[in-house]
1. Report the residue count in region 35-55 for those that are outside any helix (DSSP H, G or I) and crowded, with 23+ Cβ neighbours inside 10 Å.
2. Quick one: which residue in 176, 158 is in the same structural domain as residue 12 (by TED's automatic domain parsing) and surrounded by 16 or more Cβ atoms within 10 Å (Cβ to Cβ)?
3. Considering each of 132, 122 in turn, give the residue that is closer than 20 Å to residue 143 by Cα and either free of Cβ contacts under 8 Å to residues at least 24 places away in the same chain or part of a loop (DSSP other than H, G, I, E, B) (or both).
4. Could you tell me which of the residues 97, 153, 124 is surrounded by fewer than 18 Cβ atoms within 10 Å (Cβ to Cβ) and either over 23 Å from residue 51 (Cβ atoms) or out of contact with any strand residue (DSSP E or B) (no Cβ under 6 Å at 6 or more places or on another chain) (or both)?
5. Return only the number of the condition from (1) within 20 Å of residue 165 (Cα to Cα); (2) out of contact with any helix residue (DSSP H, G or I) (no Cβ under 7 Å at 6 or more places or on another chain); (3) assigned to a helix (DSSP H, G or I); (4) touching a residue at least 40 places away in the same chain (Cβ under 8 Å) that residue 106 does not satisfy.
């Protein structure tokens with residue numbers, strides 16, 4: 001088996017119907033390359049978690065095929081599970097066990113040689129910043145600490161592919177940045193393929209090599225973050241004149257270079273026809289009209305703009321407690 005197959009994900013026409021419920025996933029196609037961080041975005045109920053449950057063999061598909069690490073998710077479930085790690089939304093942690101005891105149990109279940117178990121567990125606990133809490137019962141951990149322990153548990157057997165379902169939900173900004181660094185390290189330095197679902201568009205923008213947006217069970221957009229943002233539109237230039245009564249004159253100059261856009265009070269804005277390359281021309285034109293400015297800001301398209309354009313709604317990263325999709329407790 002070649003490396004692309006061993007470390008990649010291939011999905012064709014994947015469907016999941018629920019009894020007396022909606023079609024949660026409606027014939028999606030995906031291809032994740034080895035060592036890639038693949039961002040999977042969508043509003044609550046879009047099909048993200050259902051897709052992850054199928055790819056990790058925890059839920060059988062209704063139709064379609066998928067190969068993870070070169071193995072069919074239906075016919076070769078044990079081989080898939082041996083090749084992957086998964087930190088899902090609902091961590092299976094025992095509140096009566098300590099973090100270190102969880103690591104001991106997980107290294108045993110994953111077949112890590114006995115002589116390596118303590119060292120591997122301590123290494124991962126240190127990597128996720130839980131060394132000071134390693135001997136405390138998990139029942140006393142914060143939500144963020146539980147997320148970090150769950151990530152460490154997913155890594156004990158050095159998986160080739162890692163599934164992370166909203167891994168930074170509940171983390172403070174500093175812990176979130178630490179998690180981003182760890183995920184980037186796994187992909188860039190260790191060659192782990194990462195399939196990441198997230199509600200944080202900034203997270204996908206920072207980490208993901210490729211992004212797919214799923215809405216109502218179908219893929220509505222895919223590509224690199226930069227390509228998706230470029231597809232949506234041109235950057236917007238916002239200019240605030242030094243003299244408030246010159247706002248209309250500034251707006252007239254900007255209109256030569258693009259389409260007028262909404263702006264804060266006292267400022268004028270335009271969506272630049274030629275992109276950032278127009279900036280020098282705008283500056284020269286303002287100078288030729290003797291228009292002094294106090295603020296000059298270029299706003300590039302964001303993934304928020306992409307998401308809004310593709311789904312017709314904004315992704316609310318604060319809606320962390322909302323349900324995603326219907327669940328059925330079925331293990332392949």
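1. First pass over region 35-55, keeping only residues outside any helix (DSSP H, G or I): 35-47.
Remaining after also requiring crowded, with 23+ Cβ neighbours inside 10 Å: 37-42, 46-47.
Result for region 35-55: 8.
2. Step by step, each of 176, 158 is checked, and only 176 is in the same structural domain as residue 12 (by TED's automatic domain parsing) and surrounded by 16 or more Cβ atoms within 10 Å (Cβ to Cβ).
3. 132
4. Going through 97, 153, 124 in turn, just one is surrounded by fewer than 18 Cβ atoms within 10 Å (Cβ to Cβ) and either over 23 Å from residue 51 (Cβ atoms) or out of contact with any strand residue (DSSP E or B) (no Cβ under 6 Å at 6 or more places or on another chain) (or both): 97.
5. Residue 106 satisfies every listed condition except (2).
The values are calculated or read from the model by the stated rules, or taken from the named source; none is laboratory data. This is a predicted model, so every value here is computed, not measured. Positions of Cβ are generated from backbone atoms using ideal geometry, with glycine treated the same way; all protein chains shown enter the neighbour counts.
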